[in-house]
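The values are calculated or read from the model by the stated rules, or taken from the named source; none is laboratory data. None of the values given here were measured: they were computed from a predicted structure. Quick reminder, even Gly has a Cβ in these numbers, built from the backbone with ideal geometry, and neighbours come from all protein chains shown. SASA here: full protein model, heavy atoms, side chains in, ligands and nucleic acids out. Shrake-Rupley method; radii C 1.70, N 1.55, O 1.52, S 1.80 Å.
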Amino acid sequence: MEKFIPVVVIKELGETDKILTALKNNGIHCAEITFRTACAAEAIAYAVKQYPDMEIGAGTVINAEQCEAALAAGATFIVSPGLSVAVANICRERNIPYYPGCVTPTEIMQALELGITTVKFFPANVYGGLKALKALSAPFPQVKFIPTGGVDRSNIDEFLAFDKIAAIGGSFFVKESLDKMEANA
């Protein structure tokens, strides 16, 4: 797994090349393309075909139907804002990593019961940030976290220094990469 998972919102298929090229130029070879737009599945399929050296996953997957569409498009991992048992079961059956959003002990226990040991912690800033992750790590030492939401350049190093962080998720990686690419143009 990459240490950085950019949350990518593709509003029009034509944006895919610009965004993924910018990420690659910035040394990031992973993208979580969100299911927030009508062209999400199409963008994932395009990205998987055109960027075989990148790990392309689907984000904001909230039900089995979206999960099936994402996997049919070629997504290599699935991320949700919360925990869906239906999505977890599909991913387990197909041996696809699933990172559900879990912020409470109950949600983490449910993820563990489903065999999931790496969870998205979203929105990290609203649910206590690094302080909360450290507290949750005490009763759940086997769990790794992907904090997303409220993580940025001002606090990323603090998160990365904590050994229970599997990766950092965020849309700010996309903005940074695009800004850098435009500055170099």
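List of remarks:
- Distant-in-sequence amide H partners of I165 (H built 1.01 Å from N, under 5 Å): F145
- Size of charge dipole - the chain - debye, nearest 20, with Cβ of Lys, Arg +1 and Asp, Glu -1, no other charges: 300
- Exposure of F172 as accessible area (Å², to 10), given a probe of 1.4 Å and all protein chains: 30
- 222 nm mean residue ellipticity, helices alone, for the chain (DSSP H n ≥ 4; -39,500 (n - 2.57); rounded to 500): -12500 deg cm²/dmol
- Using only side-chain charges placed at the Cβ, +1 for Lys and Arg and -1 for Asp and Glu, the dipole size of the stretch 83-185 relative to its Cα centre rounds to 160 debye.
- Applying 0.36 nm per residue to the separation of A72 and L160 and subtracting their alpha-carbon distance, the gain on full extension is 28.4 nm.
- Whole-Å semi-axes of the ellipsoid equivalent to the stretch 119-185 (Cα gyration tensor, √5λ, descending): 27, 11, 9
- Once backbone amide H atoms are built at 1.01 Å from N, L83 has G101 as its partners under 5 Å, excluding neighbours fewer than 5 places away on the same chain.
- Loop GluC sites (Glu not before Pro), the stretch 7-66 (other Cβ atoms within 10 Å of the site Cβ: 14 or fewer; DSSP): E12
- The stretch 78-113-the stretch 16-68 distance, computed between alpha-carbon centres (Å): 19
- For the stretch 57-73, Karplus couplings with θ = phi - 60° (6.51, -1.76, 1.60), whole Hz, Gly/Pro x: x, 10, x, 6, 7, 10, 7, 4, 4, 5, 4, 4, 5, 5, 5, 4, 7
- Karplus 3J(HN,Hα) series, Hz, for the stretch 75-90 with 6.51 cos²θ - 1.76 cosθ + 1.60 (x for Gly, Pro): 4, 9, 7, 10, 10, 10, x, x, 9, 10, 5, 4, 5, 4, 5, 4
- Residues with amide H under 5 Å from that of T118, placed H, sequence gap 5 or more: K144
- Of the peptides 90-102, 123-135, the ranking by mean beta-carbon count within 10 Å, highest at the top, reads 90-102, 123-135.
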